[in-house]
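Reviewing the structure listed below.
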Amino acid sequence: MEPTERTALNPSRIALASLFLCIPSFSAEDAAPFTRDDYKLPGQTLPYALFIPKTAANERYPLILWLDDDTPSVNKFRNSPGDTPQISGSNRWGARLWVEPQVQASHRCFVLAPERAGKLSFFGGALWHYPANDLERYPTGGPSIRLSESFDLILRLTSRYPIDPKRIYIVGQGGGATGLWDLLDMQSDFFAGGIAASGRLPGGLLDEAGDPRTRGKFASTPVWIFHCGQDRTVSGFETLTLATDLFSAGAAPRVTEVPGAGHDDACWQHIFTAEPDLVTWLFSQRR
């Protein structure tokens with residue numbers, strides 16, 4: 001297994017990287033040029049936020065699917081007028097990095113951020129993956145219906161907008177990163193690349209990744225895995241196990257540990273503002 005990268009968490013480094021990349025450290029009140037809409041489904045609705053870039057005739061552009069995390073620092077913004085929780089609170093860095101003018105100038109892309117709804121987690125939001133150890137609240141366990149609905153929405157948008165089917169990416173943090181692995185399992189040959197920030201691989205998929213019968217399922221999608229050294233929600237051992245199983249399955253994930261931050265805003269901010277080649281790495285991946 002390749003050595004894990006270590007990136008020191010240093011506030012001055014974050015500020016310096018943001019300066020050179022022209023990527024600001026977002027405040028909670030920052031406006032984001034997303035359009036909010038609803039995807040109508042039989043018996044229910046999937047709310048989502050969509051960023052639409054400036055497009056040119058006969059050109060196709062990447063799309064990033066953003067899967068958010070549900071934390072108290074996200075929920076405290078839920079009651080704001082016009083609030084879009086999947087692009088606010090703790091989620092603002094991972095969702096809004098891609099729509100910054102400086103990023104769009106060199107990498108125009110669509111950004112899709114579905115909003116979870118339905119079964120509620122402890123903190124008041126829906127889940128991308130229902131834990132099998134909580135059968136009273138989530139009797140089925142496994143991926144939530146929102147993942148398949150979000151994938152259907154991608155197909156709908158691809159038929160409507162000039163989206164390049166060979167450059168569709170998935171980015172998730174926390175619970176959203178767990179949803180990322182579920183969706184890669186469900187659609188193993190669809191996404192061009194991904195970024196998983198502090199998310200665990202669901203238990204069933206851990207066995208699957210190391211099973212010779214399914215070996216290679218996760219190898220077709222390059223994923224950059226991040227973990228923060230003081231994370232008490234998703235342990236470093238889980239991240240190491242995940243990376244090891246992916247290597248055994250034939251994948252070559254990039255793994256970066258950020259010392260000094262936990263499962264919190266400092267972790268997300270560092271990942272999405274202070275990794276100099278994060279943007280170029282993701283957009284260099286294609287089917």
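No value in this document is a laboratory result; all are computed from the given coordinates. Being a predicted model, the structure only gives us computed values, none of them experimental. Here the Cβ positions follow ideal geometry from the backbone for every residue, glycine too, while neighbour counts run over all protein chains shown.
Once the Cα-Cα distance is subtracted from the 0.36 nm per residue extended length, the Glu100 to Leu240 segment shows a gain of 47.2 nm. Just to verify a number: FRET efficiency for Asn58 and Ser248, C-beta to C-beta distance, R0 = 45 Å, to 0.05? Efficiency for this residue pair is about 0.55. Please give, to one decimal in nm, the separation of the simple spin-label points placed at Lys166 and Ile145, each 7 Å out from Cα toward the Cβ. With each label placed 7 Å out from Cα toward Cβ, I get 3.7 nm.
Efficiency by 1/(1 + (r/R0)^6): what FRET value for Leu41 and Gln230, r their Cβ-Cβ distance, R0 = 35 Å, to the nearest 0.05? My answer for the efficiency is 0.30.
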